Amino acid sequence: MLPGMVARPRVAIVGAGNFGSALALALRRAGYEIDAVLARARGKSSQGKSLRRARRLARQVGGRGVTDLSEVRAELIWFCVPDAEIARAAAALAGKIEWEGRIVFHSSGALASDELGVLRRRGAAVASVHPMMTFVRGTYLLRSQNTLAEVSFAVEGDAAAVRVARRVVKDLGGRAYSIRKEDKAAYHAWGTFASPLLTALLATSEQVAGLAGVRRKAARQRMIPILQQTLANYAEFGAAGGFSGPIVRGDVDTVKRHLGVLRGTPAAEVYWALAKAALRYLPAKNKSALKRILDSSRE
């Protein structure tokens, strides 16, 4: 903590999107005072929508929805805006208040705390604080659910800001760990594989279900049990111990049939890439024969 800062500083959230909303609700449940939710928008039409959203969130957490940072009394300012907007938003707000003695976070997974450099030069202690979690509209509306409990947060930045970040994350029920600036792009790529690209795989799975005559909604419902068990197996036994199916068995003929029915579809590319990854990272019988089948399917 900075000298003179209370154990739980007042917080201002910049941006009321999916993560900003989930964060504000989680902080309020953890006993933090949400001083304000600051609307951020560039165009006049979007400004009105952004402000309405900020005010709606502020009512839920007992704060104020504002457009002027000079109205903010918070000791901790948390930027929850898209990556491309962080540096621009920080520069736009730099002259609005006194930054000396304040803590400032942003929550980009890919970008380092240096995006807030303009505020650091004005005396703020800054950090990037990113949760390894997905946030979509509707998640944060479950107000009784702590969406940040047990979540890992990657933290880097100025020592004073990192100390505050670790305390806040602990209060949220999460787990903070340090990350180097130069590792952030790879870290975010990892998170992208774990969630958005996994969702892309599920969308592809629905398309393959269509080849078997199963409609998308029914496919989603029927996949849930196997998906849940797959995640349970992965959690309990790791990737190698939780791997099943024709590749681990070395069933060349079945893989050949899969490639045949998928030929000419976008799903064929996904299958090929994942099967090649399985041969590289996971246990499998008949690896040489499986590799030849996969390679020949690309000719």
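What the table shows:
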| item | result |
| --- | --- |
| Tensor-based shape of the stretch 207-287 (alpha-carbon gyration tensor, a/c under 1.5 rounded, otherwise prolate or oblate) | oblate |
| Inter-centroid distance (Cα atoms) of the stretch 177-196 relative to the stretch 246-299, Å | 28 |
| The stretch 95-108 - phi-based ³J(HN,Hα) in whole Hz, Karplus 6.51/-1.76/1.60, Gly and Pro as x | x, 7, 9, 7, 9, 4, x, 8, 9, 10, 10, 10, 10, 6 |
| Fluctuation leader among 183, 35, 171 - the chain, Gaussian network, Cα springs under 10 angstrom | 183 |
| Most fluctuating residue given options 242, 157, 109, as computed from a GNM of the chain linking Cα atoms under 10 Å | 242 |
| Phi-based couplings in Hz for the stretch 241-253 (Karplus 6.51, -1.76, 1.60; Gly and Pro marked x) | x, x, 8, 9, x, x, 6, 5, 7, x, 7, 4, 5 |
| Those GluC sites (Glu not before Pro) in the stretch 110-211 that DSSP places in a loop and that have at most 16 other beta carbons within 10 Å | 150 |
| Choice from 101, 245, 123 with maximal GNM fluctuation in the chain (Cα, 10 Å cutoff) | 245 |
| Sequence-distant residues sharing a close amide H with residue 64 (under 5 Å, placed H) | 36, 37 |
| Ascending count of other beta-carbon atoms within 10 Å, so fewest first, for 49, 276 | 49, 276 |
| ³J(HN,Hα) computed for each position of the stretch 282-287 - Karplus, 6.51 cos²θ - 1.76 cosθ + 1.60, integer Hz, glycine/proline x | 10, x, 7, 8, 6, 4 |
| Percent antiparallel among DSSP beta bridges (both partners in the chain, rounded to 5) | 20 |
| Under-5 Å amide H pairs with residue 175, H placed in peptide plane, nonlocal only | 151, 152, 153 |
| Crossing angle, helix 196-211 versus the chain [Cα axis fit, 0-90 degrees, rounded to tens] | 40 |
| Base-10 log of normalised Debye intensity for the chain (one unit scatterer per alpha-carbon) at q = 0.07, 0.08, 0.09, 0.13 Å⁻¹ | -0.37, -0.47, -0.57, -0.94 |
| Within the stretch 54-98, GluC sites (Glu not before Pro) in DSSP loop having at most 11 other beta-carbon neighbours inside 10 Å | 98 |
| Under 5 Å, built H, 5+ apart or other chain: amide partners of residue 102 | 125 |
| Helix-only CD estimate at 222 nm, as mean residue ellipticity for the chain, using -39500 (n - 2.57) per DSSP H run (n ≥ 4) | -16000 deg cm²/dmol |
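We did not get these values from a lab; they are worked out from the coordinates using the rules stated. Predicted, not measured: the structure shown is a model, and the values here were computed from it. Positions of Cβ are backbone-derived with ideal geometry, glycine not excepted, and every protein chain shown enters the neighbour counts.
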